[in-house]
Ligand SMILES: [Fe+2]
Ligand SMILES: [Fe+2]
């Protein structure tokens with residue numbers, strides 16, 4: 001897995017900031033992918049579903065690469081930037097469809113910011129209207145985001161992140177959330193979040209290559 005990170009970092013024609021963003025997004029994808037796979041297994045989902053989630057987890061935010069010039073620009077208003085941030089689900093969807101991953105993976109990616117109470121985006125879907133894989137991704141994505149350092153705050157420790165999520169539990173699919181809690185208690189609180197940063201399958205490493213491709217397409 002290290003190789004792909006090295007290859008991305010060695011593309012010196014691309015601005016360093018962008019190479020770093022690509023690496024951060026790849027790590028984020030791996031973490032969400034690993035957690036999603038564990039939760040799907042815990043829920044007793046089929047191997048098929050686990051495999052699709054593994055890929056959807058890696059690629060859910062890949063569309064952000066297309067928006068870096070807006071999201072990280074110093075010009076423009078915050079509200080404008082938010083509008084662009086919200087477009088990343090569509091961009092990810094398009095990249096995933098174009099790469100031939102199929103509708104189930106693409107839909108999981110497209111709806112990964114929907115909340116069960118209807119407060120999410122892009123379509124304000126509720127509960128069962130949200131594709132099941134997207135509901136699992138949602139839980140994983142929020143947990144990983146909370147346990148990652150941001151420019152405006154430090155990472156929360158896993159226990160605190162879990163407490164924050166319990167406070168907003170109406171956002172999440174109950175079955176996915178209960179499985180998530182069990183997995184966090186068993187795997188994450190004991191082994192640490194860092195463990196989730198390592199690729200666990202060949203398929204994950206292959207899927208990461210799409211980030212490299214996108215980066216080259218956009219910036220060379
Ligand atoms: Fe996202
Ligand atoms: Fe994400």
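Results, tabulated for the structure shown:
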| quantity | calculated |
| --- | --- |
| Residue in segment 29-38 that is more than 10 Å from the chain's Cα centre (by Cα), buried (at least 19 other Cβ atoms within 10 Å of the Cβ), modelled with pLDDT of 95 or more and in a loop (DSSP other than H, G, I, E, B) present | no |
| Residue within segment 111-124 that is under 28 Å from residue 14 (Cβ atoms) and surrounded by 13 or more Cβ atoms within 10 Å (Cβ to Cβ) present | yes |
| Conditions (1) outside any helix (DSSP H, G or I); (2) within 14 Å of ligand 1 (Cβ to nearest atom); number of the one not met by residue 89 | (1) |
| Filter result for residue 130 (buried (at least 19 other Cβ atoms within 10 Å of the Cβ) and over 16 Å from the mean Cα position of the chain (by Cα)) | yes |
| Neighbours by Cβ (under 6 Å, 6+ apart or cross-chain): first from segment 58-71, closer than 12 Å to residue 113 by Cβ; second near ligand 1 (Cβ under 10 Å from one of its atoms) and not in a helix (DSSP H, G or I) | 60/112 |
| Residue match in segment 96-108 (condition: over 28 Å from residue 42 (Cβ atoms), away from ligand 1 (no atom under 14 Å from the Cβ), at pLDDT below 95 and surrounded by fewer than 22 Cβ atoms within 10 Å (Cβ to Cβ)) | no |
| Criterion: part of a helix (DSSP H, G or I), modelled with pLDDT of 95 or more and farther than 22 Å from residue 58 by Cα - qualifying residue of 170, 212, 206 | 170 |
| Residue in segment 128-140 that is over 26 Å from residue 179 (Cα atoms), free of Cβ contacts under 8 Å to residues at least 60 places away in the same chain and out of contact with any helix residue (DSSP H, G or I) (no Cβ under 7 Å at 6 or more places or on another chain) present | no |
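The values are calculated or read from the model by the stated rules, or taken from the named source; none is laboratory data. Because the structure is predicted, anything quoted here is derived from the model rather than measured. Because the Cβ atoms are built from the backbone with ideal geometry, glycine has one as well, and the counts that use them run over all protein chains shown.
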